[in-house]
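Contents: one structure, followed by commentary.
Nothing in this text is a laboratory measurement; each read-out follows from the coordinates by a stated rule. These numbers come from a predicted model, not from an experiment. Please note: Cβ atoms are built from the backbone with ideal geometry, for glycine as well, and neighbour counts cover all protein chains shown.
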Amino acid sequence: MLNKFVIISSLFLFSCSSYLIQAEEITPENLKCGSNSGVAFFEKNGSFTIDDKDFNYKLGLIDKNLDKSDFNFIYISQPQSSGGYVLEVEKITKNKNKHRIYFKENKPSEGSRSIAAITATYCFLKIDNLDQVVVFIK
Amino acid sequence: MKNISKILAILSLPLILSACGGGGGSGGAAAGGVGTGTVTNCTDGGGSTHKDTEYDYFSSVYHSLKPLTAVCASSAYARGATGDGIQVAVVDTGIHETHTDINANMIAYTNGSDTVNSDNDASDDHGHGSHVAGIIAAEHNNSGGHGVAYDAEIYGFKALNASGDGSDTTLGNAFGLIENIAAIDIVNNSWGTNADCTSASSCRAGGTTIYDNWEDMSQLSTPKITVFAAGNDSEDQPSLECQTMAYNTDISAVSICVVAVSHSSLGKDGGFLASFSNQCGKAASYCMAAPGDRLLSLRHNSNGYVYKNGTSMAAPMVSGGLALVMEEFSSLTPAQVVSRLLSTANDSGEYSQTAIYGHGMMNLNAATAAVGSLQTIGGSNLLDDPSTSYNDLVNNTFTSSAAFSNALTNALAGQTMEVYDSFDRANFETNVSSFFTSGSYTSQNTVENHMARLQPKTMEKVKTKNLYGNFTVETDGNYIESSMFQSAGDFLALGFNQSTNSFENAVDPLSGFFNDSNFGNNYLVNPYFHAGSGQDYFMSFNSNSSFGMDTFTNANGNDLGLAFNLNPLSSTSGDAKNAGDLQIVLGTNYEQNKFLNSSSTGVFATGDMSNTNFTGVKYKKNLGDDFTFVGSGFAGYTHIDKASNSYIDKSTPLLTSTFTLGLAKANFIKKNQRIGFFINQPQRVEDGSLNLRVPTSSDRGRTVTYSNLNVDLEPDARQINFDIIFHKAVTETSNLSANLTHVQNGDHSNSSKNQNFISLFYKKTF
């Protein structure tokens, strides 16, 4: 249900925003996306900024060797029933001090074979002068 | 425009929310449904007593959520099953092969094991495969938890990419590699396709390379067992791969589909199908349940651990369970291993809902225990041959004579053999000695027996008639002597439970002392006629002439004995002529299904013509001054008759011996006192051996291998009895008897403690 909500609302907002906002499209300094089936990783999901107490914890769950100075934003999607999902950043825009990050989660292709573990996709980003963030996902 | 967009957004929200209101609820079964039954736990056989040298299986290494408890794994461990020697392929995202909790169980990556990147490095770039591998075979090393089959070995294959996705090519090619690795026994597949199929061809259409190579693996002479996760879509049908099992009998014979249960609070609110898990559906006949909710296992990028959910985690629980069963029972084919695990699953209560749980919850206690009755195999090498006979354990016995029981006990110590359960001929190891009961001389040294020896016999003569004429029945103490003819000198007797013998009768002044079974028959009269049971018959035709004869048979006529007695010397004592002061005995004894009075049944049976030829010398001499010397010595030569299909394969003849020496004095100090001193060695094997040919192993070709166990039957010591007996007629109506017995090396064993008995008996008749 929540997935539907996210998808539909994202489509709606996405379509409206294209003519409402004249924003600058930016490229993240660093970007790392993937998927993970650790319960601790996705039990609490959504957006995490560097100020969140869970930020370093989430980063460490993926790789303890990740340099924490390389990222300042994490997005973890709602867990899915299998692997094979891929999260990608479609674009990031900046308008004044507000960043809008547009994610797209690709489903496994029809008939594909995927791991049978509950899995969430994620992206770690480093964005210059990150202040306010609005996430859109489709 | 901004305001318009805000209004549109707000107005659309209820529509968006209402559109999300449907869906879900697809997991209910037609009847009952998940959570409608009672969760019944399997029972761990040993409880907290199940410990190995390092750990309590229920401690933290079992890990806090206890998925291993939920499947009663500790019972399998207590039986020695750890997965040792079993090799499991994990077709997944690769494996963190250097993780310190699994590296010792990893097989080096095989050529081409990374079918995603077409190289030989099946390292894990996702984490899923490492977690799965750990559930199967993480080491039992006091670090973290351990896998279900913690000594199994793991082959890693990377056929799923860093996103956990694979193709018909990557996965099918991995199957192709596995097909050609003979050592691999089990293939774990914690992946699947969320699709349906309704026939073999439509299932194959879902992935021809996977299907064809899977079928090939299943059709090998020693097929690979494949395990698949049912999938996590909360649907009433499992993954395409599980559905395939319903349409291909070669595949289904060696495959299991696994649904996940939430084990974390088993017995409280858990134990039911996990909310995410698919049900068994059309694969129910090849499906079972295992814990799959929050399982702790290996991380892929450190030596740490992580919890994961999914039927991906339940599948390796079953792969590990299969490894335990496979190791435990080398006699089972892969298909029988699968069948056994499915058949022994807990299918009561909640788990009786076949469409949801298939055969039920995996139960490793039941899977590694005997199903049906345990039986011996009747000498055949082929478990499944129609002519092969089996016999329940209780029907296989061997009760050994004390003449060699010590040697047999020593030889059988630590020796094991195989027995088989009646369900699928799963092989179990048992101690050979468990079928054997040791005969004992020393066990006869009871207070009751000693008192019985000292009790003066009272004679109550009752005259009766039968159809054939007059004769006397004498009630003597607690037993009956029936004599057709009896005289003091010319001795002719037909007896029931009668150990009388002219020689024994003549050993004054303590003949009564010899009348007990130990000294009367077994030691002095004839140790090869096993009278004294109360059901034996003894005929003695002796006279004071130079020739006599003894015969013997037991109640059912199976044992026959004949001895010729030569009496070159005889003497007269008072009015009585004795049959012989020197008697030379030559005889033979035939025992049916026995030898030396050692009886056996089933696979330890002996033939019906075991025979012992024996010779003996009995000597008695009055030395004057009321002293009488008595002595006897016997030697026997026993041939053991082999029975068909018996584990007693062959033997050498057994040489046995026994002797008794005694000195008795009447009028000892006073006229009414008698004393005797005796030294005796009970029957003992001096030389000889037998060969036991017992089943000791069996293989997945259902062939049994026997091993020879040569048993030297000569005991490690020699039992010597020392007896002093004293008798005093206090008055005409009262008697006092005393006996001191000292036994060295009881039952011919140098580990026996010496026995000492002092008996006093006083009797007054009023």
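Between residue B:84 and residue B:249, what FRET efficiency comes out of the Förster formula 1/(1 + (r/R0)^6) with R0 = 30 Å and r the beta carbon distance, rounded to 0.05? Walk me through the numbers on the way to the answer.
Working: r = 31 Å, r/R0 = 1.05.
After rounding, the FRET efficiency stands at 0.45.
Mind checking which aspartates and glutamates have their C-alpha under 20 Å from residue B:763, skipping anything on the same chain fewer than 8 residues away?
By straight Cα distance, residue B:763 reaches B:448, B:460, B:476, B:516, B:732.
Across every pair of different alpha-carbon atoms, what Kirkwood hydrodynamic radius in Å does the range B:336-452 reach?
Numbers: mean 1/r = 0.0567 Å⁻¹.
The answer is 17.6 Å.
Does the range B:47-368 come out rounded, prolate or oblate by the C-alpha gyration tensor, with a ≥ b ≥ c the root eigenvalues, rounded set by a/c under 1.5 and, if not, prolate when a/b is larger than b/c and oblate if not?
Rounded, since a/c falls under 1.5.
Compute the label zone of residue B:182 within the range B:213-253: residues whose backbone N is under 20 Å from the point 7 Å along Cα-to-Cβ.
What the label zone holds, given the 20 Å backbone N cut-off, is B:216-226.
Reachable aspartates and glutamates from residue B:594, Cα under 17 Å, same-chain residues fewer than 8 places away excluded?
Qualifying aspartates and glutamates at Cα under 17 Å: B:536, B:559, B:608, B:641, B:649.
Using Cα pairs under 8 angstrom and six or more residues apart, how large is the relative contact order of the range B:597-661, in percent?
Values: 119 pairs, mean separation 23.4, N = 65.
Relative contact order for the range B:597-661 comes out at 36 percent.
Could you compute the FRET efficiency for residue B:303 and residue A:65, with r as their C-beta to C-beta distance and R0 at 22 Å, rounded to 0.05?
Working: r = 13 Å, r/R0 = 0.60.
It comes out at approximately 0.95.
Compute the label zone of residue B:765 within the range B:735-755: residues whose backbone N is under 17 Å from the point 7 Å along Cα-to-Cβ.
Only B:735-737 fall inside the zone, counting backbone N under 17 Å.
Just list whichever of A:53/B:158; A:32/B:308; A:104/B:224 have alpha carbons separated by over 30 Å in the model shown.
On the way: A:53/B:158 35 Å; A:32/B:308 22 Å; A:104/B:224 41 Å.
From the list (A:53/B:158; A:32/B:308; A:104/B:224), the Cα-Cα distance tops 30 Å for A:53/B:158; A:104/B:224.
For an R0 of 30 angstrom, estimate the FRET efficiency from the Cβ-Cβ distance between residue B:100 and residue B:120 and round to the nearest 0.05.
0.85
In nm, to one decimal, how far is the modelled label at residue B:625 from the one at residue B:275, with both set 7 Å along Cα→Cβ?
Placing both labels 7 Å beyond Cα along the Cβ direction yields 10.6 nm.
Roughly what would the spin-label model give for residue B:652 and residue B:370, points 7 Å off Cα along C-beta, in nm?
Computed distance between label sites residue B:652 and residue B:370 equals 3.5 nm.
Please figure out what share of the DSSP beta bridges in the range B:47-368 is antiparallel and state it in percent, rounded to the nearest 5.
So the antiparallel bridges in the range B:47-368 amount to around 25 percent.
On a full-extension model of 0.36 nm per residue, what is the gain between residue B:755 and residue B:354, subtracting their alpha-carbon distance, rounded to one decimal in nm?
Taking residue B:755 through residue B:354 to full extension adds about 137.9 nm, to one decimal.
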